[in-house]
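Q: Got a structure for you, written out below as structure tokens; questions coming shortly.
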Amino acid sequence: MGIEERVIAKLNAELAGKVESLPRSKELVNKYVDQLNNIEKKLNIDEESDESENFRIVLTESQNALDTIDEKLDKIKNYEEKIEKHLKKFRKVEEEIHSHLEKITDLERLVEYFRIVQDIQDISHELSKCINSKDDQKTVNLFLSLSGSPESSDSVIGRLQDVDAPNLKFYSRQIAIHWHDVIKKKLSSEFESILKSIKWPNLGHLVDSFNPTKEAIFKLSTLAEYLFLVQLPGYDRFMYVKLSPSIVCPPIPAPIELLIKPFRIRFEYHFMSNRQTNRPDKPEYFFTQILNWAKDNHHFVGEIFQAPATRACATDNVRLEFVRGLVQLTIEKLINDIEEISLDEQLFAHLIDEILSFEQDLKTMLLYPNNIPSAVNVLTQPVFFIKWLALEEKFTSEKMDIIFCDENNPWSMLDTFGPSHIISPLTAMPITVEQELELEELKIPKCADQFVRLLEAMKERYCILPQPCHQLQFLKLQIDLIDSFRRRLVQLHNTGYVSTLNVLNAIFYVTAVLREWGENVHYLHLHAALLGPNADEISSVFDKIISELDHWENKLIKQLSSRFVDDIKCKTMTYRHDLWVSMPKQNPSEPFIISQSAGEIFQVTIAVLHDLESALSTRIFSSTLRRIAKKLDDYFIDSMIMNTKFSEGGSNQFKFDITRNLIPLFGQYSKRPGYLFKNLSDACTLLSLPFGTALLLHQTLKAGNKTTSSEELQKMKDALKEVGIISLPITLAVDVLERRTDICL
């Protein structure tokens, strides 16, 4: 806000913004004039007063300070001009010095350039003199001073690492490559001569003739170390062997390559020529040969050549490099032959079996890792892997047809002849006596056992594949196969060709195996590969198919129990219409006997339970038993007790029939049969209570039913517990008590 606006605002405030206040304007003018005069007097330095004197002193001192500052500024300006003159003078000197320094730097670089050229020529000259001598160590040391390691500044090439001299770098590398080839050729010749002297290779059948002396071993070890050292730094990535678009093998160290050379010659002669041993239908010939060569020689190679390789910082596992070199022979052979072999299903299937067997032997006997190229990598190339999957699907489908073929007796139960004659489908190991008893309880149909073995065989075939993505495709094939098995069972059951009992046994066994497999490390790894590390929870790859099988199993158990309960119900017609309302009281001196009309009911029940127990797996039978008991429990209460009146004699007879005959029948198959008929047992207890107790309980429950307070409900529950009633609801207990003729006619 400006001065004018502030004045207007102050006047408006004084005059209150009203016309009536205008006469006061003269007073305000006089007021403000007096204030101005007072301020002017205070600032007037000519008047004699203490304040004026102080003001004059301050002004004088301020003026003196300003004069001093002006003097200093003038001096600074003079110094600035002098410094600027000196800087101009020395800038010229600096520019001249910088020019001379650049020339000196260029000369130093030129000197270093010529010094490196001289070093290269000197080393090359010394190598020319040493190459024909027997001093291999000096030759190798000279080469290392030329080539060495790129990370080291001791070698010529190492010194050039950060130098911008592409022509000199190219020249030095060309010299290094030349001497590398010359030295490697010389050392290789000496190495091969010693190998011949010790009668290498060891071919297994010539064990007695392969007995190298300590001197020969020492020379081999020394030459191997030299060969490990004579390497071209920075050229490793260019020396990878690309056998196919998807198979690239790392370079094999020179000593290992020389050790493998005799084997390569024999391999090519026998298996890559027109010899009879080169047969497309017998891939096991060359796989077995490679395994034998590796087993006979890998320990010797590791013992003799690991130490020099370690000293040369070449490789951590010479033994594995030797095995890899032999395996590479099979890769080259397969790449050459597999396209033609894959055109014939039988030959291709046989080749797959042999490759997988070879791969398994490599891992178990020679500890061959997954991250190194192997024969199975040829099989997992896209075009051949797709053919393999299609072939696997076709063969498993044909095997499924055989499994369900009538001649195979698919629904006969699995026979056990002792632990040495049967393999557990869960562990793929010979079963123990305890496991044999468990298998007998499972009631395994032959078709289910063979199907599980088919799945296990497929898993054993693909579990050695190095890439999870390939294993997941086989897992999908397994799940599709399980679903196909389920659909076949549904079809057979719906057509009535197979009984529900056999189908239930098959479903239960397959589901049990899948649950066990779901906790297997192999399938847990596949689950992690399928869902990734961010999966919400650990579950099984078979969860979905298990859920479908469980749903169908529960549905069949429900249908089965309903059918057998209906058979039992058909026999209760006479029993339900006995004269329970007028049945006389039993003579205390005479024992109770089962009702005549109940005999047929219990005979049918005995037959049903026996047939189910002998035909079903133990757990399936237990589930079915509980469902049958629950349905009978509900049936006897809803259809009999609630539709009948009981005299005292009728109540006691009914209780005897149920508690001493029906429930004990289930006791043969359950440790606590009373828990299967909780409501029916409670109902029998209420029907047979003494009249006074029953009447008092009935009155208590009837009175309590008129209120909904929690205290009254608890009193009614306590009253029921006092007479031994635990599970029967209060309203149902009242209805049962009213079935007694002595309480309610």
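Quick note: the coordinates plus some simple rules give every number you see, no bench work behind them. As the structure is a prediction and not an experimental result, all values here were calculated from the model. Note that we place each Cβ from the backbone using ideal geometry, even for glycine, and neighbour counts take in every protein chain shown.
Q: Once you have the Cα-Cα distance between residue 317 and residue 353, take 0.36 nm times their residue separation minus that, and quote the gain in nm to one decimal.
A: Taking 0.36 nm per residue and subtracting the Cα distance, the gain is 10.0 nm.
Q: At a Förster distance of 35 Å, what's the computed FRET efficiency of residue 268 paired with residue 128, Cβ-Cβ distance as r, to 0.05?
A: So, using R0 = 35 Å, E works out to roughly 0.45.
Q: Sequence neighbours fewer than 8 away in the same chain don't count; with that in mind, list the lysines whose C-alpha is under 30 Å from residue 88.
A: 72, 75, 77, 103
Q: Provide, in order from the shortest bin, the percent of all Cα-Cα pairs of the stretch 644-702 in each 5 Å bin, continuing until the bin that contains the maximum pair distance.
A: Bin by bin from 0 Å, the calculated values are 4, 19, 23, 21, 15, 10, 6, 2.
Q: Once the Cα atoms of the stretch 573-652 are picked out, what are the Rg and Dmax in Å?
A: Both quantities, over Cα of the stretch 573-652: 15.8, 45 Å.
Q: Here is a follow-up. With 23 Å as the limit, write out which pairs from 394/476; 184/363; 333/394 have Cα-Cα distances beyond it, or answer none.
A: Violating the 23 Å limit, Cα to Cα: 184/363; 333/394.
Q: With Cβ to Cβ distances under 13 Å as the rule, what net charge do the other residues near residue 330 carry (K, R +1; D, E -1)?
A: So the environment of residue 330 carries a net charge of -4.
Q: Still on this model: How long are the semi-axes of the ellipsoid equivalent to the stretch 240-379, from square roots of 5 times the Cα gyration tensor eigenvalues, in whole Å, largest first?
A: 27, 15, 14
Q: Of all the Cα-Cα pairs you can form in the stretch 571-737, what percent are over 28 Å apart?
A: Roughly 28 percent, once rounded to a whole number.
Q: Calculate the length of the line joining the C-alpha centroid of the stretch 648-702 to that of the stretch 356-411, in whole Å.
A: 62 Å
Q: Given DSSP loops and a limit of at most 14 other Cβ atoms within 10 Å, what is the longest stretch of the chain that contains no such trypsin sites (Lys or Arg not before Pro)?
A: 276-584
Q: Nearest 500 deg cm²/dmol is fine: what mean residue ellipticity at 222 nm does the chain get from its DSSP H runs of n ≥ 4 alone, each adding -39,500 (n - 2.57), divided by its residue count?
A: It comes out at -23000 deg cm²/dmol, rounded to the nearest 500.
Q: Taking all pairs of distinct Cα atoms, average 1/r, flip it, and tell me the Kirkwood hydrodynamic radius of the stretch 227-323 in Å to one decimal place.
A: Result for the stretch 227-323, one decimal place: 15.2 Å.
Q: Sort the stretch 633-676 into rounded, prolate or oblate with this rule: let a ≥ b ≥ c be the square roots of the eigenvalues of the Cα gyration tensor; rounded if a/c is under 1.5, and if a/c is not under 1.5, prolate when a/b is larger than b/c, oblate otherwise.
A: Oblate is the answer for the stretch 633-676, as a/c is 1.5 or above yet b/c matches or exceeds a/b.
Q: Which aspartates and glutamates, on any chain, are close to residue 214 with Cα under 14 Å apart, when same-chain ones fewer than 8 places away are left out?
A: Within the straight-line limit of under 14 Å, residue 214 reaches these aspartates and glutamates: 303.
Q: Let me ask something else. Just to check, using Stokes-Einstein with a Kirkwood Rh over alpha carbon pairs, what's the diffusion coefficient of the stretch 78-138 at 25 °C and 0.890 mPa s in µm²/s?
A: Reported coefficient: 153 µm²/s.
Q: Taking 51 Å as R0, compute the FRET efficiency from the Cβ-Cβ separation of residue 670 and residue 390 and round it to 0.05.
A: The formula returns an efficiency of 0.50 here.
Q: Give me the net charge for the shell around residue 361: Cβ to Cβ below 13 angstrom, other residues only, Lys and Arg +1, Asp and Glu -1.
A: -2
Q: Tell me the label-point distance for the pair residue 339, residue 138, using the 7 Å Cα-to-Cβ offset, in nm and rounded to one decimal.
A: 5.4 nm
Q: Using the per-residue mean of other Cβ atoms lying within 10 Å as a proxy for protection, in what order, highest first, do the peptides 245-256, 588-599 fall?
A: Result, highest mean first: 245-256, 588-599.
Q: Along the Cα-to-C-beta direction of residue 367, a point sits 7 Å from the Cα; which residues of the stretch 314-347 have their amide N less than 15 Å from that point?
A: Counting backbone N atoms under 15 Å from the label point, the list is 316-324.
Q: What does the net charge come to around residue 226 if you take all other residues with beta carbon closer than 12 Å to its beta carbon, with K and R at +1 and D and E at -1?
A: +1
Q: List, in order, the whole-Hz ³J(HN,Hα) value for each residue of the stretch 137-144 obtained from phi through the Karplus relation with A = 6.51, B = -1.76, C = 1.60 and θ = phi - 60°; use x for Gly and Pro.
A: With coefficients 6.51, -1.76 and 1.60, one gets 4, 5, 4, 5, 5, 4, 5, 5 Hz.
Q: Between the stretch 59-134 and the stretch 173-232, what is the separation of their alpha carbon centroids in Å?
A: A separation of 58 Å, based on Cα centres.
Q: A follow-up question, please. Taking the chain as the region of interest, what is the percent of Cα-Cα pairs per 20 angstrom bin, listed from the shortest bin to the one with the maximum distance?
A: Once binned at 20 Å, the Cα pair distances of the chain give 11, 22, 18, 14, 14, 15, 6, 0.
Q: Would you mind pulling out the separation of the Cα centroids of the stretch 446-461 and the stretch 472-494, in Å?
A: With the stretch 446-461 and the stretch 472-494 each reduced to a Cα centre, they are spaced 12 Å.
Q: In addition: Can you tell me how much longer the chain between residue 277 and residue 117 gets when fully stretched, taken as 0.36 nm per residue apart minus their C-alpha distance, in nm with one decimal?
A: Working it through step by step, the gained length comes to 52.0 nm.
Q: Sticking with this one: What is the stretch 498-584 by shape, rounded, prolate or oblate, if you read a ≥ b ≥ c off the alpha carbon gyration tensor as root eigenvalues and call it rounded for a/c under 1.5, prolate for a/b larger than b/c, and oblate otherwise?
A: Since a/c reaches 1.5 and a/b is larger than b/c, the shape of the stretch 498-584 is classed as prolate.
Q: What are the residues whose amide H is under 5 Å from the amide H of residue 646, where those residues sit 5 or more places off or on another chain and H is modelled from the backbone?
A: Result for residue 646 returns 740, 741.
Q: Rounded to the nearest angstrom and ordered from largest down, what semi-axes does the equivalent ellipsoid of the stretch 239-294 get from its C-alpha gyration tensor (root of 5λ)?
A: Each semi-axis is the square root of five times an eigenvalue, giving 23, 16, 11 Å.
Q: Report, please, the projected area of the stretch 159-296 averaged over directions, based on the convex hull of its C-alpha atoms, in nm².
A: Approximately 12.1 nm², given one-decimal rounding.
Q: Would you mind classifying the stretch 319-419 by shape? Square roots of the alpha carbon gyration tensor eigenvalues, ordered a ≥ b ≥ c; an a/c under 1.5 is rounded, otherwise it is prolate if a/b is larger than b/c and oblate if not.
A: Taking the square roots of the gyration eigenvalues as a ≥ b ≥ c, the stretch 319-419 is oblate.
Q: Tabulate in residue order the Karplus-calculated ³J(HN,Hα) for the stretch 312-326, using 6.51 cos²θ - 1.76 cosθ + 1.60 with θ = phi - 60°, rounded to whole Hz; enter x for Gly and Pro.
A: The phi angles translate into 8, 6, 8, 8, 7, 9, 5, 4, 5, 5, 5, 4, 4, x, 5 Hz.
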